[in-house]
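Engineer: There's a structure below that I have some questions on.
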Ligand code: FES
C-alpha cells in the first residue's frame with residue numbers, strides 16, 4: 001500500500017521537533033480526522049535555513065510533513081510558497097488516493113509558517129519576490 005519512501009519517512013522522520021525562536025510558525029488541522037501539524041521555520045536573508053515539524057496524526061501525515069521539511073530547507077520563502085501537496089506526494093513515490101488529503105496538511109502547514117513569517121517580518125518580506133508566477 002505504501003512506497004518504501006513513505007515507510008522510510010514514517011519510520012525515520014526528518015526534522016522533528018520545534019525551533020526555539022522561529023521566524024514563522026504555522027499550525028493546521030484536518031477537521032475530519034482530527035490530525036494536527038505544526039511547522040516552524042527559521043529564515044535568514046529570505047532563505048529557510050532550518051525547519052522543524054510536529055505532527056499528531058496518521059503515518060501518511062508524518063511522512064508528508066517529513067518530506068515537506070526536506071523539500072523547503074535551503075529554499076527561498078517564495079519557493080516554499082509554491083510547494084504543493086502533489087509535489088510532496090510525488091517525492092514520496094505516491095500515496096494511496098485515500099491518503100492524499102494527508103499531504104494537504106503538509107502543504108498548508110508550510111504555507112501557514114511562511115505567511116506567519118511574512119506577517120511578523122513585513123520589512124524583510126517586502127524585498128522578496130513572494131508572488132512569482134509558476
Ligand atoms: Fe488525517 Fe492522514 S488521516 S492526516
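Engineer: What are the residues in segment 15-31 that are surrounded by fewer than 18 Cβ atoms within 10 Å (Cβ to Cβ), within 14 Å of the ligand (Cβ to nearest atom) and touching a residue at least 40 places away in the same chain (Cβ under 8 Å), if any?
Structural biologist: Matches in segment 15-31: 27, 29, 30.
Engineer: Search segment 105-117 for residues that are under 10 Å from residue 25 (Cβ atoms) and modelled with pLDDT of 95 or more and pair each with any residue that is assigned to a helix (DSSP H, G or I) and within 11 Å of the ligand (Cβ to nearest atom) when their beta-carbon atoms are under 9 Å apart and the residues are at least 6 apart or on different chains.
Structural biologist: Correct list of pairs: 109/65.
Engineer: Further question on the same structure: Filter segment 48-92 down to residues that are within 12 Å of residue 104 (Cβ to Cβ) and in contact with a strand residue (DSSP E or B) (Cβ under 6 Å, 6 or more places away or on another chain) and give me whichever is nearest to the ligand (Cβ to nearest atom).
Structural biologist: Per the stated criteria, the residue is 61.
Engineer: Can you list residue pairs whose Cβ atoms sit under 6 Å apart, with the first residue in segment 32-47 being in contact (Cβ under 8 Å) with a residue 24 or more places away in the chain and the second being assigned to a loop (DSSP other than H, G, I, E, B) and surrounded by fewer than 13 Cβ atoms within 10 Å (Cβ to Cβ)? Count only pairs 6 or more apart in sequence or on different chains.
Structural biologist: From segment 32-47, the pairs are 40/18.
Engineer: Run down 123, 79, 70, 90 and say which single residue is free of Cβ contacts under 8 Å to residues at least 12 places away in the same chain, surrounded by fewer than 24 Cβ atoms within 10 Å (Cβ to Cβ) and within 15 Å of residue 9 (Cα to Cα). First the steps, then the outcome.
Structural biologist: Numbers: 123 fails: within 15 Å of residue 9 (Cα to Cα); 79 fails: within 15 Å of residue 9 (Cα to Cα); 70 fails: free of Cβ contacts under 8 Å to residues at least 12 places away in the same chain.
The match here is 90.
Engineer: Considering only segment 91-100, state which residues are assigned to a helix (DSSP H, G or I) and within 19 Å of residue 37 (Cβ to Cβ). Please lay out each step first, then the result.
Structural biologist: The first filter runs over segment 91-100 and keeps only residues assigned to a helix (DSSP H, G or I), leaving 91, 97-100.
Within segment 91-100, 91, 98, 99, 100 meet the criteria.
Engineer: Return a yes/no flag: does segment 39-59 have any residue that is in a helix (DSSP H, G or I) and more than 30 Å from residue 128 (Cα to Cα).
Structural biologist: From segment 39-59, those in a helix (DSSP H, G or I) are 59; that's our starting set.
Checking which are more than 30 Å from residue 128 (Cα to Cα) leaves us with 59.
Looking for residues that are in a helix (DSSP H, G or I) and more than 30 Å from residue 128 (Cα to Cα), one finds at least one in segment 39-59, hence yes.
Engineer: Kindly check whether there is at least one residue in segment 111-119 that is more than 28 Å from residue 1 (Cα to Cα) and part of a loop (DSSP other than H, G, I, E, B).
Structural biologist: no
Engineer: Of all residues in segment 27-45, how many are touching a helix residue (DSSP H, G or I) at 6+ places or on another chain (Cβ under 6 Å) and closer than 21 Å to residue 122 by Cβ?
Structural biologist: 3
The values are calculated or read from the model by the stated rules, or taken from the named source; none is laboratory data. It should be emphasised that the depicted structure is a prediction, and the values quoted were computed from it without experimental measurement. Note that we place each Cβ from the backbone using ideal geometry, even for glycine, and neighbour counts take in every protein chain shown.
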